[in-house]
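Asker: Have a look at this one before I ask anything.
Bear in mind these aren't lab numbers, they're just calculated from the coordinates by the rules spelled out. Quantities reported herein were computed from a predicted structural model and do not represent experimental measurements. Cβ coordinates were reconstructed from backbone atoms using ideal geometry, including for glycine residues, and neighbour counts include every protein chain displayed.
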Amino acid sequence: MTISSAPLTSVFHGELIEPGHADYDRYREIWNGSIDRRPTAICRCRDAMDVAAAITHARSAGLDLAVRGGGHSFPGHSVCDDGVVADLSPMRGITLNLDRGTARVQAGVLLGELDGATQQHGLAVPAGIVSHTGIAGLTLGGGMGWLVRKYGLSIDNLLGVDLVTATGELIRADERETPDLFWGVRGGGGNFGVVTEFEFRLRRVGPQVVSCPVFWPIDDAERVLRFYRDWIADAPDDLMTIVSLRKAPASALLPEELHGRPVVAILCLWAGDVEDGFRAVAPLRSFGQPAADGCAVRAFVEHQAMLDPSFSHGWWYYVRACDVAALTDEVIDVSVEYARRIESPLSALTLWGLGGAMARVDEDATAFYGRAAAHAFNISGITATRAGFEREQQWARDFWSALEPHRTSVYVNYLSDDGASRLGEAYGAAKLARLRSLKTAYDPDNVFHLNQNIPPLDG
Ligand SMILES: Cc1cc2nc3c(=O)[nH]c(=O)nc-3n(C[C@H](O)[C@H](O)[C@H](O)COP(=O)(O)OP(=O)(O)OC[C@H]3O[C@@H](n4cnc5c(N)ncnc54)[C@H](O)[C@@H]3O)c2cc1C
């Protein structure tokens, strides 16, 4: 293959941001404030042709290529030093086909924008739990959210993608045209090309849902979590729950004496009939003596944005993650012990209750690994600035190490700088081997390596 050496400006029609440009600092910033990198060029792409031009330019100049969707990669893979960023954030189109029940979504779209468009029709694409996350990176790793038990992962609702390859070719990946590539795209991250557009199946949701946070003081946490474990054991798919262990924010929902003190919160979404939902969450609300109960009927879009303030742009983030097969007494004890040790008012454990539709998809159907995981740990050490960050990082590492005997798989989108050594946990040996063959076929030179990188064979 010949890589064109035509000047970038003759083939790229988007906005080109280089050092010295008035907006350079704004466009190199990503969500994680601890990442400060200075690319040579930020190519703000308008379409697939621009994406191909950015890829070709990076290759011909021998520069690293970073690909940016929503900019929420925990380790900051969407920006690089001294390389080219293919920034897809100007590509924000959403086209609904209500007759077919599908949505075409460009790669720069954020979750809240997609919910805003689909919820006007009482529909949704199952995606994540923070509305400013990008649909692109989230979907390519799998995509877990409030609807994961009812409708599966985002990739379980993906019908196909348009993708620009390492040679600058625009191709379609779907079950019919390129089943192998489509298998790899669903969980293999951005390893095989730059997706410019996703086609999803739409699902019926809301627009009104039963939405809860219920809080207890940390002294009740062991009891609450043991109750929670049993309560969700046979829960219907309509119920999705997430546990949060952290210091209580200064929220009007919480009594003032709890502000800044460690709490356990159980967050729920009931995605079915509202009356059934209140019946389903009643045992939770009446367990022990909750310090606050914020259960209410809310618009799905409001519920989807409930956690946004806990994960603001520009704070410093460090994440360690793993899945566990069960919330055993030991796992609960470790979790509560480390919750008590949190110093930063922002650090948190977010513990997902999984299962349901996600777990019923055949494990071999997609590259995503870990469908049988019962719970996913996301341990986030967070500070507003550099001050105290090292301590929170250490807290996250220690917490994760203490879970070592219980760890099974790990969600690839929750990996940080530990990705290279944990690919086996993220994919399992057999899938990793298949992914490496696919990588060798589609990107033998590893052009797309700023991600949780699947090395080509012999790479
Ligand atoms: C606040 C927050 C909340 C989160 N909540 C959830 C959640 O609820 N559920 C969940 O499953 N995950 C969640 N995540 C993890 C999230 O899925 C990953 O961080 C994801 O990679 C973010 O995608 P992005 O497009 O915003 O990020 P980016 O940083 O832009 O991209 C992430 C990775 O994907 C690659 N990439 C991006 N776009 C493309 C593309 N179009 N083609 C090819 N490669 C591409 C990038 O190169 C990079 O390696 C959350 C992350 C954050 C920071």
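Asker: Do you know which residues across the range 238-262 are assigned to a strand (DSSP E or B) and more than 24 Å from the chain's Cα centre (by Cα)?
Answerer: Let us first name the residues in the range 238-262 that are assigned to a strand (DSSP E or B), namely 239-247, 262.
Residue satisfying the conditions is Pro262 alone.
Asker: Inside the range 7-20, can you point out the residues that are surrounded by 13 or more Cβ atoms within 10 Å (Cβ to Cβ), outside any helix (DSSP H, G or I) and in contact with a helix residue (DSSP H, G or I) (Cβ under 8 Å, 6 or more places away or on another chain)?
Answerer: Matches in the range 7-20: Phe12, His13, Gly14, Leu16, Ile17.
Asker: Is there a residue in the range 226-233 that is within 15 Å of the ligand (Cβ to nearest atom) and either in a loop (DSSP other than H, G, I, E, B) or not β-branched (Val, Ile, Thr) (or both)?
Answerer: No, the conditions are met nowhere in the range 226-233.
Condition check ((1) within 23 Å of Glu302 (Cβ to Cβ); (2) in contact with a helix residue (DSSP H, G or I) (Cβ under 8 Å, 6 or more places away or on another chain); (3) aromatic (Phe, Trp, Tyr)) across all residues:
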| residue | (1), (2), (3) |
| --- | --- |
| Arg176 | no, no, no |
| Asp180 | no, yes, no |
| Phe192 | no, yes, yes |
| Phe198 | no, yes, yes |
| Trp216 | no, yes, yes |
| Leu225 | no, yes, no |
| Ile242 | yes, no, no |
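Asker: Can you report the number of residues in the range 57-92 which are part of a loop (DSSP other than H, G, I, E, B) and within 13 Å of the ligand (Cβ to nearest atom)?
Answerer: Step one: filter the range 57-92 for residues part of a loop (DSSP other than H, G, I, E, B), giving 62-64, 69-83, 88-92.
Next, from what is left, pick out any that are within 13 Å of the ligand (Cβ to nearest atom): 64, 69-80, 83, 88-92.
Total satisfying the criteria: 19.
Asker: Determine whether the range 23-32 contains at least one residue that is farther than 21 Å from Ile135 by Cα, within 24 Å of the chain's Cα centre (by Cα) and of a type in the set (Asp, Glu).
Answerer: Within the range 23-32, none of the residues are farther than 21 Å from Ile135 by Cα, within 24 Å of the chain's Cα centre (by Cα) and of a type in the set (Asp, Glu).
Asker: Being over 30 Å from Lys439 (Cβ atoms), without any contact (Cβ under 8 Å) to a residue 60 or more places away in the chain, buried (at least 22 other Cβ atoms within 10 Å of the Cβ) and in contact with a strand residue (DSSP E or B) (Cβ under 9 Å, 6 or more places away or on another chain) narrows it down to one residue among Ala221, Ala248, Ala173; which is it?
Answerer: Ala248
Asker: Would you confirm whether any residue within the range 307-315 is crowded, with 16+ Cβ neighbours inside 10 Å, more than 16 Å from the ligand (Cβ to nearest atom) and farther than 20 Å from Asp219 by Cβ?
Answerer: Checking the range 307-315: not a single residue is crowded, with 16+ Cβ neighbours inside 10 Å, more than 16 Å from the ligand (Cβ to nearest atom) and farther than 20 Å from Asp219 by Cβ.
Asker: What are the residues in the range 225-245 that are more than 24 Å from Gln304 (Cα to Cα) and surrounded by 16 or more Cβ atoms within 10 Å (Cβ to Cβ), if any?
Answerer: The answer is Phe227, and nothing else.
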